[in-house]
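Remarks on the structure that follows.
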Amino acid sequence: MTYTTGILIFDQLEELDAIGPWEIFTMAAEVRGSGKVVTISQNGGIVKCAKGLRIVADHSFETAPPLDIILVPGGMGTRTEVNNKAVIDWIAKVAPGCTWVTSVCTGSMLLIEAGPARGKRVTTHWAFVDTLRERGGAAEVVDDMRFVRDGNVVSSDGVSAGIDMSLWLIGQTDSPAFARDVQKRIEYDP
């Protein structure tokens with residue numbers, strides 16, 4: 001199976017929200033012998049993450065390839081990006097063509113704003129649950145699960161929960177045995 005996974009990146013994203021899933025999806029592609037993972041930002045170029053890591057985007061919105069999986073990380077940057085029409089419109093445009101639409105942490109706020117998670121069950125980082133509930137738009141904001149699936153939308157709690165969600169997703173796209181092999185290869189033992 002060949003999957004193209006796109007990870008949205010933006011200033012002030014939480015590093016592990018993007019890098020944890022990146023590790024899962026790239027290891028899966030390596031083991032599978034097919035698929036690719038790309039980073040995508042609004043204009044391409046460099047983004048500076050919450051703790052200072054800099055990531056160079058593989059693509060801008062204009063040059064991004066068709067995606068099978070989109071992952072929207074969280075972090076303090078989501079508070080700005082939720083009001084960025086270009087980001088919200090891009091997610092809204094790309095998500096319907098994806099097999100899976102995913103988020104980590106406060107990335108779920110962007111998925112609700114853009115539409116794919118509107119009226120669905122979602123989760124987010126424990127410290128943001130009340131805020132996300134107050135914003136409205138979700139059918140339910142779950143606060144006691146590492147990740148939540150509603151249709152093809154999968155959202156996860158904060159930071160390390162994105163790794164758990166990504167492994168589960170590989171179990172869906174490939175097989176549970178394949179996901180366990182990927183988990184073993186990265187020495188992840190939750």
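The values are calculated or read from the model by the stated rules, or taken from the named source; none is laboratory data. These figures come from a predicted structure and were not determined experimentally. Every residue, glycine among them, receives a Cβ derived from its backbone with ideal geometry; neighbour counts consider all protein chains shown. Side chains are part of the model used for accessible areas, which takes the heavy atoms of the whole protein and leaves out ligands, DNA and RNA. Shrake-Rupley method; radii C 1.70, N 1.55, O 1.52, S 1.80 Å.
The portion of the accessible surface of region 1-132 made up by carbon and sulfur, rounded to a whole percent, is 53 (1.4 Å probe; DNA, RNA and ligands excluded).
Under a 5 Å amide H cut-off, with hydrogens placed 1.01 Å from N, ALA57 pairs with GLY45, ILE46, VAL47 among residues at least 5 apart or on other chains. Accessible area per residue for the chain is 45 Å², calculated with a 1.4 Å probe on protein heavy atoms, without ligands, DNA or RNA.
Rounded if a/c is under 1.5, else prolate if a/b is larger than b/c, else oblate: which is region 79-174, with a ≥ b ≥ c the root eigenvalues of its Cα gyration tensor? It comes out oblate by the Cα gyration axes.
Close amide H contacts of THR4 (hydrogens built in the peptide plane, cut-off under 5 Å, sequence separation of 5 or more or a different chain): LYS36, ASP68, ILE69. Think of the chain as a dipole: +1 on every Lys or Arg Cβ, -1 on every Asp or Glu Cβ, centred on the Cα centre; then among MET27, PRO66, VAL37, PRO66 lies furthest on the positive end.
Under 14 Å from the Cβ of PRO116, count the other residues' Cβ atoms, weight Lys and Arg +1, Asp and Glu -1, and hand me the total.
+2
In terms of the mean number of neighbouring beta-carbon atoms within 10 Å, the peptides 89-96, 73-80 order highest first as 73-80, 89-96.
Note on region 1-155: Cα-Cα pairs beyond 28 Å make up 13% of the total pair count.
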